[in-house]
Amino acid sequence: MRHASDSASDETGRPDDDALRLRVRGLAKTFVLHHRGGVALPVFAGVDLDLRAGECVALAGPSGSGKSTLMRCLYGNYAPSAGTVRLRVDDGWLDLVAAPPREVVEARRTRLGYVSQFLRVIPRVPAESLVAEPLRRLGCDGAEALDRARGLLARLNLGEALWRLPPATFSGGEQQRVNVARGLIAPREVLLLDEPTASLDAANRDVVVALIREALARGTAVVGIFHDEAVRTALVTRAFEVASHRAAARGHGAPA
């Protein structure tokens, strides 16, 4: 596994690089606690990162270094204090920081996937329907989408008796498998993974690793947080050290 702490500005990082899928420049995040008199909590600054087709970049650093915050900034759940997050689209590049919400939503529907640590359970919606939904949003026939969802749930060793049940009462590991299936069922050019195997036993962890490998082989570009050493060894092509950008954030005065 190769380590690349921050540099993404060499000649291979040109915006017209055909393999380039995501380009981050000057990204910073500071939280401002307005209910505490505007106290500023700097998280990171000066983040530059290029992501190419078929590679898996691990966000590295100790707990509290800003890995999950950076992941949420890449997906657009958090607004950065500064910088750009450019996603390759058909007609060029889309800056997810500056783009209108409708364009960000469309990018998520078609190109940018995200698997969080926890499944956001929707009451009364069966697990198989939750998993099939991304395919239906892409125009896939409902019956075909359900068939593919069931096949993926079976591969992830979720018992058939659970497929038609809402996952609110599932165990943590069962919910995580539903979450992974939902995130991986549709093709994505860029996939963000926040601890996708954290609640899984070794057997189910290996299934998830195999699914991610298949996505990488298809050309998906992956950014992930992986605390499991076996998962890192199996998947990661290089590591991006987030902690090195935390010191820079202390001198960054941009508002959140």
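The values are calculated or read from the model by the stated rules, or taken from the named source; none is laboratory data. Because the structure is predicted, anything quoted here is derived from the model rather than measured. Cβ placement follows ideal geometry from the backbone for every residue including glycine, while neighbour counts extend to all protein chains displayed. Just the protein is used for accessible areas: all its heavy atoms, side chains included, with ligands, DNA and RNA removed. Shrake-Rupley method; radii C 1.70, N 1.55, O 1.52, S 1.80 Å.
A few notes on this one:
- Picking from residues in the range 157-207 that are in contact with a strand residue (DSSP E or B) (Cβ under 6 Å, 6 or more places away or on another chain), open to solvent by 10 Å² or more (accessible area, probe 1.4 Å) and not in a helix (DSSP H, G or I), the one that is farthest from Arg218 (Cα to Cα) is Glu195.
- Considering the range 220-243, and only residues there that are over 23 Å from Val43 (Cβ atoms) and acidic (Asp, Glu), the residue that is surrounded by the most Cβ atoms within 10 Å (Cβ to Cβ) turns out to be Asp228.
- Counting only strands (runs of 3 or more DSSP E) that sit wholly inside the range 6-99, those with at least 1 residues that are among the β-branched types (Val, Ile, Thr) and modelled with pLDDT of 95 or more are 20-33, 39-52, 56-60, 82-89.
- Test for Ala132: is it modelled with pLDDT of 95 or more and either farther than 26 Å from Ala58 by Cα or not in a helix (DSSP H, G or I) (or both): yes
- Just one residue in the set Ala107, Ala143 is among the hydrophobic types (A, V, I, L, M, F, W, C) and more than 19 Å from the chain's Cα centre (by Cα); that residue is Ala143.
- Pairing residues of the range 209-225 that are modelled with pLDDT of 95 or more with residues that are assigned to a helix (DSSP H, G or I) and open to solvent by 20 Å² or more (accessible area, probe 1.4 Å), at Cβ distances under 6 Å and at least 6 apart in sequence or on separate chains, gives Val209/Ala234; Leu211/Leu184.
- Restricting the range 49-68 to residues that are surrounded by fewer than 18 Cβ atoms within 10 Å (Cβ to Cβ) and free of Cβ contacts under 8 Å to residues at least 60 places away in the same chain, the residue that is nearest to Ala217 (Cα to Cα): Ser63
A quick yes/no check of all residues on (1) of a type in the set (Ser, Thr, Tyr); (2) crowded, with 17+ Cβ neighbours inside 10 Å; (3) closer than 15 Å to Ala168 by Cβ:
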{"position": "Asp90", "(1), (2), (3)": "no, no, no"}
{"position": "Leu96", "(1), (2), (3)": "no, yes, no"}
{"position": "Ala99", "(1), (2), (3)": "no, yes, no"}
{"position": "Glu103", "(1), (2), (3)": "no, no, no"}
{"position": "Arg109", "(1), (2), (3)": "no, no, no"}
{"position": "Val115", "(1), (2), (3)": "no, yes, no"}
{"position": "Phe118", "(1), (2), (3)": "no, no, yes"}
{"position": "Pro126", "(1), (2), (3)": "no, yes, yes"}
{"position": "Leu130", "(1), (2), (3)": "no, yes, yes"}
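- Flag if Arg136 is charged (D, E, K, R), under 25 Å from Asp228 (Cβ atoms) and buried (at least 16 other Cβ atoms within 10 Å of the Cβ): no
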